Amino acid sequence: MGAKKFLSKEQQTSIVQAIVDAEHATSGEIRVHLESTCKVDVLDRSAYIFKKLNMHKTELRNGALIYLAVNDRKFAILGDAGINAKVPDGFWDEIKAIMASNFTKDAYVTGLTEGIRMIGEKLKAYFPIMPDDKNELSNEISFGA
């Protein structure tokens, strides 16, 4: 199945709304990227996509990417240098475990929206919303081949 057809329009809207809600309390930026397959190491591929989406260009380097290769059932969460400089080891582990638990039940929308919510909660502790905050990255889901 192609990545663009993996989620219905309603499901995509639900995920984008979760991003909007999560970013409401943090200056952090969250993106979701879906691809059909990932034939290389998932962290290498997500790092490539992170750069391709210009996520490394936020002012505070506080972007987080959820990358999912739908047919290969691979996913990763990748945070930028600003996040990784502040958070403890294992910061993403609880989020990944909850998402993986949902994914194994084919509850992808639940896994993604819950992961997004949790990322937003954790980011607000390190990057609270500022009065002059602007949305630096699109909230839309991006798609690869």
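Readers should treat all values here as calculations from the given coordinates under stated rules, not as data from a laboratory. All values derive from a computational prediction rather than experimental measurement. Glycine gets a Cβ as well: all are built from the backbone with ideal geometry, and neighbour counts include every protein chain shown.
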Practice problem: Report the charge-dipole magnitude of region 74-145 in Debye, nearest 20, computed about the Cα centre from +1 at each Lys and Arg Cβ and -1 at each Asp and Glu Cβ. | Solution: 140 debye
Quiz item: Per-residue HN-Hα couplings for region 63-76, Karplus 6.51 cos²θ - 1.76 cosθ + 1.60 at θ = phi - 60°, whole Hz, x for Gly and Pro?
Solution: x, 10, 10, 9, 10, 9, 9, 5, 6, 8, 6, 10, 8, 8
Quiz item: Where the only charges are on Cβ atoms (+1 Lys, Arg; -1 Asp, Glu), what is the dipole of the chain about its Cα centre, to the nearest 20 debye?
Solution: 420 debye
Practice problem: Taking every Cα atom in region 88-131, find the radius of gyration and the maximum pairwise distance Dmax, and write them in Å. | Solution: 12.0, 40
Quiz item: Rounded to two decimals, what ratio of Rg to Rh does region 51-134 give with C-alpha atoms and a Kirkwood Rh?
Solution: 0.98
Quiz item: Where Lys and Arg each count +1 and Asp and Glu each count -1, what net charge lies around Ala145 among other residues with Cβ under 10 Å from its Cβ?
Solution: 0
Practice problem: Would you order Glu29, Glu94, Glu10 from fewest to most other beta-carbon atoms within 10 Å of each residue's own beta-carbon? | Solution: Glu10, Glu94, Glu29
Exercise. Return the percentage of antiparallel bridges among DSSP beta bridges fully within the chain, rounded to the nearest 5 %.
Key: 45 percent
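Taking each pair of different alpha-carbon atoms in the chain once, compute 1/r for the pair, average those values, and report the inverse of that mean as the Kirkwood hydrodynamic radius in Å to one decimal. Could the numbers behind the result be given before it?
Numbers: mean 1/r = 0.0664 Å⁻¹.
This gives a value of 15.1 Å.
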Quiz item: Hey, quick one: spin label on Lys4, modelled 7 Å out along Cα-Cβ, who in region 106-145 has an amide N within reach, i.e. under 12 Å?
Solution: 143-145
Self-check item: Simple label model, 7 Å out from Cα along Cβ direction - Lys52 to Lys86, nm
Solution: 2.9 nm
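Taking every pair of distinct Cα atoms and averaging 1/r, then inverting, what Kirkwood hydrodynamic radius in Å comes out for region 1-74? Could the numbers behind the result be given before it?
Numbers: mean 1/r = 0.0753 Å⁻¹.
Taking every pair of different Cα atoms in region 1-74, averaging 1/r and inverting gives 13.3 Å.
Please compute the contact order of the chain in relative form: average sequence separation of alpha-carbon pairs under 8 Å and at least six residues apart, divided by the residue count, as a percent.
Values: 229 pairs, mean separation 56.9, N = 145.
In percent, rounded to a whole number, it is 39.
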Quiz item: Which lysines, on any chain, are close to Lys86 with Cα under 28 Å apart, when same-chain ones fewer than 8 places away are left out?
Solution: Lys51, Lys52, Lys57, Lys74, Lys96, Lys122, Lys124, Lys134
Quiz item: Ranked by Cβ crowding within 10 angstrom, fewest neighbours first, how are Met55, Met99, Met130 ordered?
Solution: Met130, Met55, Met99
